[in-house]
Each structure stands twice: as C-alpha cells, then as structure tokens.
Amino acid sequence: MKLIIAIVQDEDAGRLISTLMKQGYGVTKLATTGGFLRAGNTTLLVGVDNERLQAALEIVESICKSRKQIVNPNMTPFDSTMGMSTMAANLEIMVGGATLFVLDVESFKKF
Ligand code: 2BA
C-alpha cells in the first residue's frame, strides 16, 4: 500500500476530491499554507493499494492545472532570506499542478 500526499491548488481541490471518491479512493483533505506564497492550498492524503496507485496519479495529473501567479518578492521569504533588494520587481511564477509525495505504508489499520 502507498500513501499519496498531494499538495494542490484550492481551485482544483473540489473536483479532484469528488473524482477520486467516485472512483472509490479514500481521501482526507487538509487546509494547508504554502511556505513561499504564504497562501492557502489543499493537501490530500490518499491511501491506495499498489495496483491502483498509477490510476490515482493519473486522475491528479488530469485535474490539477498549473497557473501563473504574480508575486511581490517583498512579500515572500525572498526578502529576508535570499538577500534581494526590498525594491525588487514583481515576479511571475508557475504554481502547481500538484506536488506529490508517494510513501510506502508500513501498516494500515482501522479500529
Ligand atoms: P508555496 O511554498 O507557497 O510555493 C508556491 C509556488 O512558489 C511554487 O509552486 C513555486 O512555483 C514557487 N516557489 C516556491 N519556492 C520558491 C523559491 N524558493 N523560489 C522561487 N519560487 C518558489 P509549486 O512548486 O507548484 O508548489 C506549490 C506548493 O506545493 C508550495 O506552495 C508548497 O505548499 C508545496 N510544496 C512544493 N514543494 C514542496 C516540498 N519540496 N516540500 C513540501 N511542500 C512543497
């Protein structure tokens, strides 16, 4: 068994959860905050049997879209930790589709 930890944009979370659930996956949704943008995102925990891992990843990939975002470097960790000028120009960054971690599950129990 594997545990997928998927960090996705809030805009994609609803459709992703309902699609995964319709396909019979168990999903837990966490409200999270990105360290760089300090803005809300959504983290999903999805426990899957090994044979269904690939299909779950394909669902995530098909739904989660990359989006451009304009950020003010003065409002990110750049200003304090990366030595950039406080007059730095806005930056265009691409956020998402999804950041995924796939972990081996040693044990899965429900009581
Ligand atoms: P944030 O940390 O808010 O990052 C949002 C986006 O900002 C990132 O999109 C990336 O495009 C940009 N970014 C992040 N750190 C940067 C830096 N040091 N310099 C320049 N640009 C930077 P994604 O890479 O798609 O990440 C989306 C969210 O996924 C992140 O939100 C964070 O919550 C999570 N994430 C990404 N990589 C992670 C990791 N290695 N471990 C844990 N969480 C991660």
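What follows is calculated from the coordinates using simple rules that are stated; it is not laboratory data. Remember, it's a predicted structure, so these values are computed and weren't measured experimentally. Cβ atoms come from the backbone with ideal geometry, glycine included; neighbour counts cover every protein chain shown.
Equivalent ellipsoid of the chain: semi-axes from √(5λ) of the C-alpha gyration tensor, largest first, are 33, 15, 11 Å. Sorting 93-104, 10-21, 25-36 by average packing, meaning the other beta carbons within 10 Å per residue, from highest down gives 10-21, 93-104, 25-36. Listed values for segment 25-41 are Karplus-derived 3J(HN,Hα) couplings in whole Hz (6.51 cos²θ - 1.76 cosθ + 1.60, θ = phi - 60°), namely 8, x, 9, 10, 9, 10, 7, 10, 9, x, x, 7, 7, 6, 10, x, 9, and x replaces Gly and Pro.
Relative to the Cα centre, the charge distribution of the chain, modelled as +1 at Lys and Arg Cβ and -1 at Asp and Glu Cβ, gives a dipole magnitude of about 280 debye.
Helix 50-63 and the longest principal axis of the C-alpha atoms of the chain enclose an angle of approximately 40°.
In this structure, the pairs whose alpha-carbon distance is over 30 Å, taken from K68/K110; K22/K110; K65/K110, are K68/K110; K65/K110. Our helix-only sum for the chain, with -39,500 (n - 2.57) per DSSP H run of n ≥ 4 divided by its residues, gives a mean residue ellipticity at 222 nm of -8500 deg cm²/dmol.
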